[in-house]
Amino acid sequence: MKRFKTTRRNFLKGSAFITSSAAGTGLLVGANPELEAAPASPQDAAKDRKTALAQCPYCGVGCGTVIQTENGKIVSMRPDKDHPTNYGLQCIKGLTAAEPIYVDRLEGDSYVRKDVWAEWKKPDHGDLGYVTKTKGSFDDEHFVRVPYKEASVMVAHKIAHFAKEFGGNSIALYGSGQLTMEGQYLENLFMKGVLGSNTIEANARMCMTSAVTGYFATLGSDTPPLAYDDIEMCDMLMHFGHNARESHPIIFWRAADHKKKNDIPTVVVDPRRTGTVMGYEDINPKNTVHVPILNGDISFLNSLAHVLLKEHPDVIDWDFLKEHTAGWKEYTDGVLRDYSPEQVQDRMGGPNHD
């Protein structure tokens with residue numbers, strides 16, 4: 001083997017089951033040596049199966065996955081016990097990642113707004129430019145289930161109508177960083193080659209525009225100098241608006257295991273009391289802090305800096321600041337002037353915290 005370096009309710013139920021099972025049976029990093037040391041092996045595969053190593057296609061954690069195919073079809077996906085990211089663990093998303101490939105979507109149903117569908121069913125399909133009267137409302141009463149094939153025909157006619165009436169650029173496409181290379185190629189081929197539209201945007205660019213700008217300004221590079229191994233090396237862990245237990249379960253499991261073994265404090269800054277908060281509290285509520293501010297992460301961080309500057313200046317590496325950072329004097333002066341905990345409370349919202 002060559003190595004290359006369904007509903008939301010059901011998903012959440014499955015995630016909760018796997019998370020609780022992992023915590024309850026010690027299926028976390030280091031809890032069972034066999035999860036870390038046992039090599040991924042195709043020995044149990046049938047002779048006519050092909051085995052390849054790949055990366056889970058869902059979230060950005062990048063878990064290693066062992067894929068087996070038979071007659072060109074994926075018949076097995078399991079976590080790679082050798083992979084340094086997930087060490088043989090995988091969440092419900094990764095374990096079922098191949099299932100959507102074999103769903104016949106053309107046999108399913110779609111939801112279409114009732115008034116739009118009623119207009120479409122008129123002679124000659126009525127007004128193809130019709131705009132729904134229920135725009136902005138997503139109550140069930142405004143929708144009707146129709147066969148996917150029929151709905152796709154309606155969409156195709158509307159696309160053709162707008163392209164002819166207003167030009168290809170009147171039609172926009174919003175993509176995703178989770179698309180495969182083949183999917184992105186087809187998107188571009190359709191939008192640019194067929195419709196003549198360059199109105200294409202994606203979450204990947206919108207997300208990274210702010211992130212990379214911040215990385216360059218603060219770190220001098222477009223990627224943060226971090227590794228997952230830092231989780232097991234840290235003395236305290238903070239999450240800002242990050243419900244890792246649901247969105248990145250492997251990260252949460254590694255962090256929870258580290259907290260359980262070393263009793264590190266954890267802080268979750270999130271207006272919601274999420275599964276991440278409750279998971280850490282289950283391990284040790286005494287050193288689990290939940291900060292439910294409504295907004296203002298920067299204000300909150302600057303208020304922490306204010307307290308450090310005022311009450312704990314001895315923990316600040318002043319020599320490092322002077323030698324390796326620019327604008328530190330202006331920053332510290334501004335923080336001391338404008339970001340005391342009392343000054344930022346109103347702009348952050350949420351309950352008072354001492």
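The values are calculated or read from the model by the stated rules, or taken from the named source; none is laboratory data. The model shown is predicted, which means the values in this text are computed figures rather than measured ones. When we count neighbours, we look across all protein chains shown, and the Cβ atoms used for this are built from the backbone with ideal geometry, even at glycine.
Looking only at the range 36-69, filter to residues that are at pLDDT 70 or above and among the small types (Gly, Ala, Ser); which one of those is surrounded by the fewest Cβ atoms within 10 Å (Cβ to Cβ)?
Initial filter on the range 36-69 (at pLDDT 70 or above): 48-69.
Next, only the ones that are among the small types (Gly, Ala, Ser) stay: 52, 54, 60, 62, 64.
Details: ALA52: 15, ALA54: 14, GLY60: 10, GLY62: 15, GLY64: 22.
Filtering first and then ranking leaves GLY60.
What do you reckon, is ILE101 of a type in the set (Val, Ile, Thr), surrounded by 11 or more Cβ atoms within 10 Å (Cβ to Cβ) and not in a loop (DSSP other than H, G, I, E, B)?
Values: of a type in the set (Val, Ile, Thr): yes; surrounded by 11 or more Cβ atoms within 10 Å (Cβ to Cβ): no; not in a loop (DSSP other than H, G, I, E, B): yes.
Taking the combined requirement at face value, the residue does not satisfy it.
With the structure loaded, tell me whether TYR215 is of a type outside the set (Lys, Arg), within 18 Å of the chain's Cα centre (by Cα), surrounded by 12 or more Cβ atoms within 10 Å (Cβ to Cβ) and modelled with pLDDT of 85 or more or whether it fails that test. Working first, answer last.
On the way: of a type outside the set (Lys, Arg): yes; within 18 Å of the chain's Cα centre (by Cα): no; surrounded by 12 or more Cβ atoms within 10 Å (Cβ to Cβ): yes; modelled with pLDDT of 85 or more: yes.
It is false that TYR215 is of a type outside the set (Lys, Arg), within 18 Å of the chain's Cα centre (by Cα), surrounded by 12 or more Cβ atoms within 10 Å (Cβ to Cβ) and modelled with pLDDT of 85 or more.
Residues in the range 78-86: is at least one touching a strand residue (DSSP E or B) at 6+ places or on another chain (Cβ under 9 Å), farther than 19 Å from TYR58 by Cα, in a loop (DSSP other than H, G, I, E, B) and not assigned by TED's automatic domain parsing to the domain that holds ALA163?
Within the range 78-86, one or more residues are touching a strand residue (DSSP E or B) at 6+ places or on another chain (Cβ under 9 Å), farther than 19 Å from TYR58 by Cα, in a loop (DSSP other than H, G, I, E, B) and not assigned by TED's automatic domain parsing to the domain that holds ALA163.
Starting from the range 65-88, keep only residues that are closer than 16 Å to HIS248 by Cβ, then list their pairs with residues that are outside any strand (DSSP E or B) and among the polar types (S, T, N, Q) whose Cβ atoms are within a distance under 9 Å, requiring at least 6 positions of separation or different chains.
THR65/ASN86; THR65/GLN90; PRO79/ASN86; PRO79/GLN90
Looking at the range 219-227, can you tell me whether even one residue there is surrounded by fewer than 19 Cβ atoms within 10 Å (Cβ to Cβ), over 30 Å from GLU165 (Cα atoms) and of a type in the set (Ser, Thr, Tyr)?
Restricting attention to the range 219-227, the residues satisfying the condition of being surrounded by fewer than 19 Cβ atoms within 10 Å (Cβ to Cβ) are 219-227.
Add one more test, that the residue is over 30 Å from GLU165 (Cα atoms), and what stays is 219-227.
Still in the running and of a type in the set (Ser, Thr, Tyr): 221, 223.
Looking through the range 219-227, at least one residue is surrounded by fewer than 19 Cβ atoms within 10 Å (Cβ to Cβ), over 30 Å from GLU165 (Cα atoms) and of a type in the set (Ser, Thr, Tyr).
Could you tell me whether HIS258 is surrounded by 20 or more Cβ atoms within 10 Å (Cβ to Cβ) and more than 20 Å from the chain's Cα centre (by Cα)?
In short, yes.
Considering only the range 331-346, state which residues are exposed (fewer than 13 other Cβ atoms within 10 Å of the Cβ) and either assigned to a loop (DSSP other than H, G, I, E, B) or at pLDDT below 95 (or both).
The answer is GLU342, ASP346.
Quick one: which strands (runs of 3 or more DSSP E) lie wholly within the range 107-210 and hold at least 1 residues that are within 30 Å of ASP222 (Cβ to Cβ) and among the charged types (D, E, K, R)? It would help to see each step written out before you state the result.
Values: elements: 109-113, 143-147, 173-175, 200-202.
Qualifying strands (runs of 3 or more DSSP E): 200-202.
Using the structure shown, decide if ASP235 is modelled with pLDDT of 95 or more and assigned to a loop (DSSP other than H, G, I, E, B). Working first, answer last.
Values: modelled with pLDDT of 95 or more: yes; assigned to a loop (DSSP other than H, G, I, E, B): yes.
Judged against the criteria, ASP235 is a match.
Within the group VAL267, VAL315, which residue is surrounded by 12 or more Cβ atoms within 10 Å (Cβ to Cβ) and of a type in the set (A, V, I, L, M)? Explain how you work it out, then say what you get.
On the way: VAL315 fails: surrounded by 12 or more Cβ atoms within 10 Å (Cβ to Cβ).
Exactly one of VAL267, VAL315 is surrounded by 12 or more Cβ atoms within 10 Å (Cβ to Cβ) and of a type in the set (A, V, I, L, M), namely VAL267.
Tell me the residue from PRO225, PRO271 that is part of a loop (DSSP other than H, G, I, E, B), at pLDDT 90 or above and not charged (D, E, K, R), please. Explain how you work it out, then say what you get.
Numbers: PRO225 fails: at pLDDT 90 or above.
Checking each option against the conditions leaves just PRO271.
Give me the pairs, please: first residue somewhere in the range 108-130 and at pLDDT 95 or above, second residue anywhere and of a type in the set (S, T, N, Q), beta-carbon distance under 8 Å, and either six or more positions apart or on two chains.
ARG113/THR132; ARG113/THR134; LYS114/THR134; ASP115/THR132; ASP115/THR134; VAL116/THR132
With respect to the numbered conditions (1) modelled with pLDDT of 95 or more; (2) out of contact with any Ser or Thr (no Cβ under 8 Å at 6 or more places or on another chain), which one is the sole condition not fulfilled by ILE293?
Failed condition: (1).
Pairs under 7 Å by beta carbon, first residue in the same structural domain as ASP270 (by TED's automatic domain parsing) and in a helix (DSSP H, G or I) in the range 287-304, partner of a type in the set (S, T, N, Q) and surrounded by fewer than 16 Cβ atoms within 10 Å (Cβ to Cβ), six or more apart or different chains?
Cβ pairs passing all conditions: SER303/SER340.
Does the range 274-285 contain any residue that is of a type in the set (Val, Ile, Thr), assigned to a helix (DSSP H, G or I) and in contact with a strand residue (DSSP E or B) (Cβ under 8 Å, 6 or more places away or on another chain)?
Keep residues of the range 274-285 that are of a type in the set (Val, Ile, Thr), which gives 274, 276-277, 283.
Restricting the remaining residues to those that are assigned to a helix (DSSP H, G or I) gives 276-277, 283.
Okay, now just the ones that are also in contact with a strand residue (DSSP E or B) (Cβ under 8 Å, 6 or more places away or on another chain), so 276-277.
Checking the range 274-285: at least one residue is of a type in the set (Val, Ile, Thr), assigned to a helix (DSSP H, G or I) and in contact with a strand residue (DSSP E or B) (Cβ under 8 Å, 6 or more places away or on another chain).
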